[in-house]
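Some notes on the structure that comes next.
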Amino acid sequence: MSAETAFTVASIVCQSLGLAAAADGFRRTFKSSAAPGERFFKRVLATEAAMLNRWWTALVRGVRRLLRRPSSPVTGTLGAALEVSAAMNARGLLQFGPLPDATQEPAAFATEIERRLNQVYRLTQDVEHNLKEEQDSRREADQRVASELETRISSLDEEAKHGEIRGLHEQVLGWFFVVLGLVAQALADLVL
């Protein structure tokens, strides 16, 4: 095997390995920062299609200007947002039987009114106490959930950073091999 052939083979192997490593690095970087279920090549093709569409539009616009023709109208879509919110109220109902006749039995009437007022007052105090306990328990539960979410978010953030760094390392290594392959190709051309 001649030196030129050896350099050419080394060039092809290095460039192939480099391109494969760089592509895998791009995939890893995308996977660590993309939304769950988002496909790498679908996103790449969509980006390429959008880029080609922008280039085509710029080319058509330039040719129209060059030929001094009016530009085509630009249309767009109009979106709308809708927000729905609801507030809920709770209320209780306490019913009593008939009151004694105030003219016939004034002492019984006053005693029954006092008893009913005390019962309403105790019920109100119980409701306030229960509401305060519920608010305290909800506040504690919210704090627990918030701390758990903060811990989970920070761990996912660290995971994503490590994934992106691994992907970037692979990309750098891949491009290093591509450059090494180009150097080997240049050496093969020099050996001629």
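Calculated FRET efficiency, residue 27 to residue 54, Cβ-Cβ distance, R0 = 25 Å: about 0.50 to the nearest 0.05.
Restricting the calculation to Cα atoms, every distinct pair contributes to the Kirkwood radius of the chain, found to be 26.5 Å.
When the accessible area of the chain is split by element with a 1.4 Å probe, what percent falls to carbon and sulfur?
Answer for the chain: carbon and sulfur cover 61 percent of the accessible area.
Rounded to the nearest Hz, the phi-derived 3J(HN,Hα) couplings of region 159-175 under the Karplus curve 6.51 cos²θ - 1.76 cosθ + 1.60 (θ = phi - 60°) are 4, 5, 4, 5, x, 5, 5, 4, x, 5, 4, 5, 5, 4, 4, x, 5, where x marks glycine and proline.
For the chain, the solvent-accessible area with a 1.4 angstrom probe is 86 square angstrom per residue.
With the simple spin-label model, which puts each label point 7 Å out from Cα in the Cβ direction, the residue 4 to residue 147 separation comes to 7.4 nm.
Mean separation of Cα pairs under 8 Å and 6 or more residues apart, divided by the residue count, gives the chain a relative contact order of 70 percent.
Computed over the chain with a Gaussian network model linking Cα atoms closer than 10 Å, the most mobile of 28, 122, 39 is 122. What the phi angles of region 4-12 give under the Karplus curve with 6.51, -1.76 and 1.60, with θ = phi - 60°, is a coupling list of 4, 5, 4, 5, 5, 5, 4, 5, 5 Hz, glycine and proline written as x.
The values are calculated or read from the model by the stated rules, or taken from the named source; none is laboratory data. In this text the structure is predicted, and so the values were computed from the model without any measurement. When we count neighbours, we look across all protein chains shown, and the Cβ atoms used for this are built from the backbone with ideal geometry, even at glycine. These accessible areas exclude ligands, DNA and RNA; they are computed on the full protein's heavy atoms, side chains included. Shrake-Rupley method; radii C 1.70, N 1.55, O 1.52, S 1.80 Å.
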